[in-house]
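Here's the structure, in structure tokens; my notes come after.
The values are calculated or read from the model by the stated rules, or taken from the named source; none is laboratory data. If you're wondering where the values come from, they're calculated on a predicted model, not measured in any experiment. Heads up, the Cβs are rebuilt from the backbone with ideal geometry, glycines too, and the neighbour counts pull from every protein chain shown. Areas reflect the complete protein model, heavy atoms only, side chains present, ligands, DNA and RNA absent. Shrake-Rupley method; radii C 1.70, N 1.55, O 1.52, S 1.80 Å.
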There are 2 protein chains.
Amino acid sequence: MNYKVTLLFDGSHFSGWQFQKNAPTVQGVLTETAERFFGESVSVTGCSRTDSKVHAENYVCNIKSQRAISPEGIVRGMNTLLPPSIAIKDCEEVGEDFHARYDCKGKEYRYKILNTRERNPFLHSRALHFPTPLDPVKMREDAKAFQGTHDFTAFMASGSKITDAVRTIYNTHVTEESGVITFSVSGNGFLYNMVRIMVGTLIDKNLGRNEMSISDIIEKKDRRNAGFTAPPEGLYLHRVYY
Amino acid sequence: MNYKVTLLFDGSHFSGWQFQKNAPTVQGVLTETAERFFGESVSVTGCSRTDSKVHAENYVCNIKSQRAISPEGIVRGMNTLLPPSIAIKDCEEVGEDFHARYDCKGKEYRYKILNTRERNPFLHSRALHFPTPLDPVKMREDAKAFQGTHDFTAFMASGSKITDAVRTIYNTHVTEESGVITFSVSGNGFLYNMVRIMVGTLIDKNLGRNEMSISDIIEKKDRRNAGFTAPPEGLYLHRVYY
């Protein structure tokens with residue numbers, strides 16, 4: 001049987017999604033829990049790696065098991081066994097060939113910036129605290145230049161081994177509510193650290209620390225023209241498209 | 001000097017506001033931090049006790065110190081020393097006779113209920129997870145009966161030594177957003193566990209587990225007619241009036 005499972009996780013205390021031998025990971029905890037629940041070894045395949053401390057609101061993975069259990073029963077049973085930092089939202093049975101990573105058609109990420117002078121305990125490790133005032137309207141305008149199909153080499157962590165850095169960004173948006181600025185970006189795929197470098201660049205431009213236009217930065221394909229890599233705690237994998 | 005300090009705290013890992021010898025408390029951490037900051041012993045007086053695990057969005061206390069420091073400097077300096085679970089929002093110098101508890105004219109509390117079938121890691125220890133569907137409109141209607149001046153003996157933890165249980169509730173409100181029901185209540189004073197018993201009673205009535213009207217429960221002054229004491233993690237001291 002193959003189960004498509006949608007989950008939320010607070011990544012604060014995880015070393016990302018991907019299994020590691022000596023660090024707590026979401027895949028590690030989920031696999032261990034699924035094996036306890038199904039009573040046999042299972043395979044858990046995620047839609048993408050996530051960095052340490054990154055969160056997810058609708059992460060998708062597929063769990064392969066020999067046992068047929070109602071999706072409803074899987075949600076309920078697994079949730080009683082999982083730690084508070086991970087919760088299953090939904091489960092459905094899918095064909096044997098469904099693969100959470102290969103079949104993924106696109107993703108939407110969100111990045112939260114707490115843009116108030118003082119920090120907020122309720123957003124600790126859940127947003128970047130950036131006390132210098134930012135202009136969300138300018139940020140929204142600047143971000144539009146990411147939209148479309150471009151070679152995003154300038155927005156890829158240096159040292160990445162990807163040879164084809166062309167990605168299509170479907171949409172970008174910036175909202176502000178109660179001092180929290182949220183940058184949303186959806187696309188058919190993302191390079192390593194791409195969203196975090198986008199955010200760092202938008203902040204730099206907002207503060208007048210980078211005079212080059214986003215379009216020029218993209219066109220020149222040089223990582224050094226883009227901004228800093230914003231820290232992981234503000235990043236949320238918001239949705240995955242199939 | 002007397003400083004009126006407004007702070008936020010995530011109460012998850014505190015045994016409430018009030019100093020205790022062998023447990024972490026907000027007053028304990030704040031006093032210790034203020035003494036490090038001011039470089040002398042200070043007195044820290046809170047607007048009210050809070051229970052273990054209860055949160056605050058605008059808690060007010062006053063700090064008495066011999067040293068004159070700019071309120072701006074106190075906010076900035078203290079925030080660099082405080083743990084992530086406590087943040088100072090505002091500070092102002094006040095007259096020597098200002099007393100955070102005695103001068104308090106009223107308070108507003110909020111109680112958050114995550115009313116979705118599955119839990120949410122981002123609200124863990126920050127809302128009551130109550131999976132049975134509730135009707136916020138009925139809850140809003142029921143809650144109106146709390147408004148006004150009443151003897152709230154029925155809504156006071158049994159064993160309390162208060163002799164005068166008459167309190168005035170200025171306003172109540174219930175909202176719902178993304179599966180989170182928020183009950184707001186403001187008044188000139190609250191008895192021990194009063195808001196949590198109000199919430200338990202509203203839930204019981206919502207589910208048809210208690211047929212007595214709120215007005216009748218108030219009038220009969222018997223704790224046994226009211227509902228369960230809702231757990232502390234959903235409760236927030238939202239605002240304090242002077």
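Mark the label point 7 Å from the Cα of B:Gln147 along Cα→Cβ and return the residues of the stretch B:199-220 whose backbone N is within less than 12 Å of it.
Answer for the stretch B:199-220: none.
Using a 1.4 Å probe on the protein heavy atoms, what percent of the accessible area of the stretch A:106-241 belongs to carbon and sulfur? Write down the numbers at each step before the final one.
Values: 2890 of 6030 Å².
After summing per-atom areas, the C and S share lands at 48 percent.
Beta carbons within 10 angstrom, averaged per residue: use that to sort the peptides A:164-172, B:155-163, highest first.
A:164-172, B:155-163
Could you tell me how many degrees, from 0 to 90 and to the nearest 10, lie between the Cα long axis of helix A:26-38 and the main elongation axis, the longest principal axis, of the Cα atoms of chain A?
The answer is roughly 20 degrees.
I need the peptides A:187-193, A:201-207 ranked by packing, meaning the mean over residues of other C-beta atoms within 10 angstrom, with the highest value on top.
Top to bottom by mean Cβ count within 10 Å: A:201-207, A:187-193.
Distances in nm, one decimal, shortest first, from B:Arg224 to the same residue in every other copy, taking the label point 7 angstrom along Cα→Cβ.
8.1
With an 8 Å cut-off on Cα pairs and a minimum separation of 6 or more residues, tell me the relative contact order of chain B in percent. Let's see the in-between values first.
On the way: 540 pairs, mean separation 57.1, N = 242.
Dividing the mean separation by the residue count of chain B yields 24 percent.
In the stretch B:2-32, which residues give up 40 Å² or more of accessible area once the other protein chains are added, compared with their chain alone (1.4 Å probe)?
For the stretch B:2-32, once contacts with the other chains are taken into account, B:Leu8 lose 40 Å² or more.
With +1 assigned to the C-beta of every Lys and Arg and -1 to the C-beta of every Asp and Glu, and no other charges, what is the dipole magnitude of the stretch B:2-94 about the Cα centre in debye, to the nearest 20? Intermediate results must be reported in sequence, preceding the final value.
Working: 9 positive and 10 negative charges, 38 e Å.
Roughly 180 debye, rounded to the nearest 20.
Calculate, for the protein assembly as shown, the solvent-accessible area per residue in square angstrom, rolling a 1.4 angstrom probe over the heavy atoms of the protein chains. Don't jump to the answer; show the numbers that get you there.
Details: 21850 Å² over 484 residues.
Solvent-accessible surface per residue comes out at 45 Å².
Please label the shape of the protein assembly as shown as rounded, prolate or oblate, based on the square roots a ≥ b ≥ c of the eigenvalues of the alpha-carbon gyration tensor (a/c under 1.5 means rounded; beyond that, a/b larger than b/c means prolate, else oblate).
It comes out oblate by the Cα gyration axes.
Name the residues of the stretch A:54-95 whose accessible area falls by at least 50 Å² when all protein chains are present instead of the chain alone, probe 1.4 Å?
Residues passing the criterion (a loss of at least 50 Å², heavy atoms only) are A:Pro84.
Return the Rg/Rh value of the stretch B:2-94, two decimal places, where both radii are evaluated on C-alpha atoms and Rh is the Kirkwood radius.
0.93
Go through the stretch B:117-144 and flag every residue whose accessible area shrinks by 10 Å² or more with all protein chains in place compared to the isolated chain (probe 1.4 Å).
B:Arg117, B:Glu118, B:Arg119, B:Asn120, B:Pro121, B:Phe122, B:His124, B:Arg126
Please enumerate, by chain and number, the lysines with C-alpha under 24 Å from the C-alpha of B:Lys161, excluding those fewer than 8 residues away in the same chain.
Straight-distance partners of B:Lys161: B:Lys21, B:Lys53, B:Lys105, B:Lys107, B:Lys220, B:Lys221.
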